[in-house]
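The values are calculated or read from the model by the stated rules, or taken from the named source; none is laboratory data. Every value quoted in this text rests on a predicted model; they were computed, and no experiment measured them. Here the Cβ is made from the backbone with ideal geometry for all residues, glycine too, and neighbour counts use every protein chain on show.
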Amino acid sequence: MKLVKNAVGRLVPTNVNGQKQIPFKGVGKYKPKGKKAAPPIRSCADYPADGNKVVKNLKEALKKAGLKDGMTISTHHHLRNGDALTNYLFDTIKAMGVKNIRWFPSASFPVHKHLIKYLEDGTIHHIEGSMNGPLGRFTSEGKMRGTGVLRSHGGRWQAIQDGEVHIDIAVIAAPTADPFGNATGDRGPSACGLLGFALADSIYADNVIVATDNLVPFPCIPWQIQGNNVDYVVEVDSLGDPAKIVSGTTQVTKSPDRLLIAEYIAQFFEDAGIMKDGFSFQAGAGGINLAFAVYLRERMKKKGIKARFIRGGSTKYLVEMLEEGLTDFILDGQTFDLEGVRSMRENPNHVNTSPFTSYNYHGKGNFASMVDAAVLGATEVDINFNGNVVTHSDGYLLHGIGGWQNALFAKTTILAVPSFRDRIPVIVDEVTTLVGPGELIDVIVTERGIAINPRRKDLIKATKNSSLPIRPIEEIYEEVNKICGGKPAKPKVNKNKVVAIIKWVDGTVIDSVYQVEQ
Amino acid sequence: MNKVTAGKRDAKVRSDCYIELERKNSGGIKLDLKSKVSVMYGNDIKNTIHEMCRFFGLKHAGIYIEDSGALPSTIMARFELAVKRLFPEIEKEYLPDFNPANDYKTKKNRLRRSRLYLPGNEPKFFPNAGLHKPDGIILDLEDSVSPLEKDAARLLVRNSLRAIDFYGAERMVRINQLPRGLDDLQYVVPHNVHVILIPKCESADDVKLVENKVNEIKKQFNIKRNIYFMPIIESALGVIKAYEIATASKNNCALAIGLEDYTADIGTQRTNEGKESFFARSMLVNAAKAAGIQPIDTVFSDVTDMEGLRKSVIEAKALGFEGKGCIHPRQIKVVHEAFAPAEEEIEKAKKIIDAFKEAKKKGLGVVSLGSKMIDPPVVKRAERVMELVKSMKN
């Protein structure tokens, strides 16, 4: 495999799974020309006039869609760790004797470790999406036939619309659908909130199958997925385990150290002047992020400040802020708990968004860059503010990118991380895998202090008189090394064997993940 | 005994390690390490263990380690424990380097509003404890350590006093109830402990026993710094003898009350209103004040009830207490806020101090504010208020 050095000095392959790759050229530097991809033209004459597209079962739908060896099949992670459909889908594909599938999920979860046997027996050739937990371990050990490709949520849309990934069959899990294929995620026994991650697939795939465990008579309102894009509808007994699809309630972290980080971030919002009338922010559902929202809410109430919109990952904490009038809107990318699902269903100001509106870099703008501040996590951050979210310091690939790369485009990007986990330093000299370039990462908040990127002179000036423990990142780095007993050794990896590549939001390759030597 | 174990393991254990050590007569040192951080620090851990084997003269042994991310000083404490459990005759100590950041002093009358209890055998709580800015941290060898792990906690507390940075918090250790507590002292006195908490104190003799032992060790290690004592009164007898205890040593810096044991001792239940302990608490405040040291209140045990905690501190402050025990880092901020002087109190203190300075400048013997004469204790109280304000800003 030929590797070249890209604009951030990382070695990346120029050809992966037989597809030519463009090395990362810098933020905002690569601008492809030409037309977007398009799905084939279809005729109503080939679809039932009464709108009933229900077929007997998934196997039948796959057969009608022309499933064959080497195809690209897409699935979506709305059902998160409760997803039973994807596993059932590949059981079916295996039973049909089809091989070498490129699986193109929007994300994977530990529940998908069921698929390892299909990676082993060649039913699945490789994964393009995320390789979480057990799948990541499998990939890191060099056991996958092809090379993994990791993309952000926005990068996934970009790859589909730019024609980088052509989906043969999209299988969309729909918590509620009608026989025409209109589908929604905000109701039904397996309700998950919204179906935004499947939207691109429904528009661009050759064949679209909607699978539901809650078939309702036409029309299914609202239609987050439009039946006019759908080929077949399949009824299944159950899409998965509702308890694992959304949590009943999301809990704020109890860790005093993480709460301290959350408190620092809320104070930073106020001291740096981010928290002002009409502002906006993005917060995920990680323990620190939830707690941050709780502390920010207290500060907003005290100062009588109101946000224009919050981007989520919604949870009951954001919903409460919406209902208390602390924000005009929630622009929601995915719903993490039952309160989030309820609010999205009932409150018109709780708006469902997709990776197209929020994140797609090859569009005429997106919401992510309009957000005043985003609070994100990371597995590692280095002294040049580069961030890693996919591998751990031992070299193992264990997480997907999610919307992380896309959210880095916020006006101020804040990474909330403990400075070390047990004895594992999080602030390092050089990230194991470079997923986000330091020029987009503005503030690192740890329990041992807050580091502001020297590029952000405005933030440094604004917080000059703050009581927050603002320190150079090198100082935190040194302190952590001292606590952990010296600089951590780097993992032993096979530099000749790239097991996965990391795509940047524009489709270029920003870094490689190597096989871990055991 | 041919095989011993030390430390902890299970899915929930973090920042600790489990060690099995087996006596062998040949074959050298056989080390089997499973570590969460083997990539980053595996070699480092192995080097430490081999060095310690040489130090203790261990030539042949089977060693199995399951490490869940223990810091170096923890690994050293656990392995020393295993060695000493297998060879009780070994007396020498393997000490981690003394962290230069830990070489700070304390003062007898420093602020002691909050003191955070850290169970002495739970290393995961140590490295971040100081970040929550308690006035003091207490490494506890007593009630939070199971009787079977007392030896483990001693070594861990000793190593942590040397290696872990508590970021300026006063460094306290609660020793075991006497007489066992006397044997704890050699593990803490040589390692810059600031304050020894003496639990279940019932007489001046208890304090004197500790003082004598401390002095003995200080002499042996040529330690010049003062080590202070905070007797904890936890019984009816202790309450009656509060003044005798408070004045037992010139190095007493505070007198604390422990209400769980006290209420049990007088045969009643602890309530939030605290009527049952009013006498004891007042008695303790009086004894401490009469002895010129700080009265310190008990802990508030419901870590989720911040409002209850706030009320309890305000009540303690009204009774005359100057500090409160904390069992969770989140309590610290609330305690500090509740002990903070009110706005008008601060304003008044400023005026008094200004008047005092003015009078001093003019060489006046008598300080007055408006038409009122100000006595020295009033000035002292005002200074105390301003000190509090200053420390709150830090």
Residue pairs, Cβ under 8 Å, 6 or more apart or interchain, first in segment B:41-66 and within 23 Å of A:I424 (Cα to Cα), second loosely packed, with under 14 Cβ neighbours inside 10 Å. List them. B:Y41/A:G486; B:D44/A:G486; B:Y64/B:D32; B:I65/B:D32
Reported set for segment A:463-518 where residues are among the acidic types (D, E) and either within 14 Å of another protein chain (Cβ to nearest Cβ) or within 20 Å of A:V445 (Cβ to Cβ) (or both) is A:E474, A:E475, A:E478, A:E479, A:E517
Segment B:159-217 - residue that is of a type in the set (S, T, N, Q) and closer than 21 Å to B:A248 by Cβ and, of those, surrounded by the fewest Cβ atoms within 10 Å (Cβ to Cβ): B:N212
Name the pairs: first residue in segment A:337-363 and farther than 20 Å from A:I225 by Cβ, second residue surrounded by 23 or more Cβ atoms within 10 Å (Cβ to Cβ) and of a type in the set (S, T, Y), Cβ to Cβ under 6 Å, at least 6 apart or on different chains? A:D337/A:T315
Mind listing just one residue for me: the one in segment B:277-293 that is surrounded by fewer than 22 Cβ atoms within 10 Å (Cβ to Cβ) and out of contact with any Leu (no Cβ under 7 Å at 6 or more places or on another chain) and, of those, nearest to B:K241 (Cα to Cα)? B:M283
List the number of the failed condition for B:L156; all other conditions in (1) more than 17 Å from B:A256 (Cα to Cα); (2) of a type in the set (A, V, I, L, M, F, W, C); (3) within 14 Å of chain A (Cβ to nearest Cβ) hold. (3)
How about segment B:277-394: which strands (runs of 3 or more DSSP E) wholly inside it have at least 1 residues that are more than 30 Å from B:P231 (Cα to Cα) and either modelled with pLDDT of 85 or more or in contact with a Phe, Trp or Tyr (Cβ under 6 Å, 6 or more places away or on another chain) (or both)? B:367-369
Filtering segment A:1-42 down to residues that are assigned to a strand (DSSP E or B) and within 27 Å of A:F409 (Cβ to Cβ) yields A:V4, A:K5, A:L11, A:V12, A:P13, A:V16, A:Q19, A:K20, A:P23
Pick out the one residue from A:A61, A:A7 that is under 30 Å from A:D231 (Cβ atoms) and surrounded by 11 or more Cβ atoms within 10 Å (Cβ to Cβ). A:A61
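Residues are listed down the side, and each one gets a yes or a no for (1) assigned by TED's automatic domain parsing to the domain that holds A:H399; (2) crowded, with 19+ Cβ neighbours inside 10 Å; (3) out of contact with any helix residue (DSSP H, G or I) (no Cβ under 6 Å at 6 or more places or on another chain):
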position	(1), (2), (3)
A:A49	no, no, yes
A:K53	no, yes, yes
A:I73	no, yes, yes
A:L79	no, yes, no
A:M96	no, no, yes
A:P105	no, yes, yes
A:K117	no, no, yes
A:D121	no, no, yes
A:I127	no, yes, yes
Which of the residues belonging to segment A:393-452 are within 14 Å of another protein chain (Cβ to nearest Cβ), polar (S, T, N, Q) and over 25 Å from B:D44 (Cα atoms)? A:T446
Subset of segment A:232-266 [of a type in the set (A, V, I, L, M), surrounded by 23 or more Cβ atoms within 10 Å (Cβ to Cβ) and over 21 Å from A:I414 (Cα atoms)]: A:V233, A:V234, A:L239, A:I245, A:V246
Among the residues of segment A:131-172, count how many are hydroxyl-bearing (S, T, Y) and within 20 Å of A:F409 (Cβ to Cβ). 1
For residues that are assigned to a strand (DSSP E or B) and among the aliphatic types (A, V, I, L, M), tally how many sit in segment A:326-338. 2
Go through (1) surrounded by fewer than 24 Cβ atoms within 10 Å (Cβ to Cβ); (2) farther than 29 Å from B:H191 by Cα and name the single condition B:G238 misses. (1)
Restricting attention to segment B:154-171, the residues that are touching a Pro at 6+ places or on another chain (Cβ under 8 Å) and over 18 Å from A:G485 (Cα atoms) number exactly 1
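Results for (1) under 30 Å from the mean Cα position of the chain (by Cα); (2) loosely packed, with under 13 Cβ neighbours inside 10 Å; (3) not aromatic (F, W, Y), shown as yes or no for each residue.
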{"position": "B:K351", "(1), (2), (3)": "no, no, yes"}
{"position": "B:A355", "(1), (2), (3)": "no, no, yes"}
{"position": "B:V366", "(1), (2), (3)": "no, yes, yes"}
{"position": "B:L369", "(1), (2), (3)": "no, no, yes"}
{"position": "B:K372", "(1), (2), (3)": "no, yes, yes"}
{"position": "B:K380", "(1), (2), (3)": "yes, yes, yes"}
{"position": "B:E383", "(1), (2), (3)": "yes, no, yes"}
May I ask you to verify whether A:V389 is more than 30 Å from A:Q518 (Cα to Cα) and either within 14 Å of another protein chain (Cβ to nearest Cβ) or crowded, with 24+ Cβ neighbours inside 10 Å (or both)? no
Give just the number: which of (1) in a helix (DSSP H, G or I); (2) modelled with pLDDT of 95 or more; (3) under 17 Å from B:R174 (Cα atoms) does B:L255 not satisfy? (1)
When A:T250 is run through (1) touching a strand residue (DSSP E or B) at 6+ places or on another chain (Cβ under 8 Å); (2) without any contact (Cβ under 8 Å) to a residue 40 or more places away in the chain; (3) not hydrophobic (A, V, I, L, M, F, W, C); (4) not assigned by TED's automatic domain parsing to the domain that holds A:A84, the failure sits at (2)
More than 14 Å from chain B (Cβ to nearest Cβ), touching a Lys or Arg at 6+ places or on another chain (Cβ under 8 Å) and polar (S, T, N, Q): is that true of A:S358 in this structure? yes
Under the condition of being basic (K, R) and out of contact with any Asp or Glu (no Cβ under 6 Å at 6 or more places or on another chain), which residue from segment A:490-504 is surrounded by the most Cβ atoms within 10 Å (Cβ to Cβ)? A:K503
Please indicate, with yes or no, whether at least one residue in segment A:339-357 is closer than 30 Å to A:D422 by Cβ and assigned to a loop (DSSP other than H, G, I, E, B). no
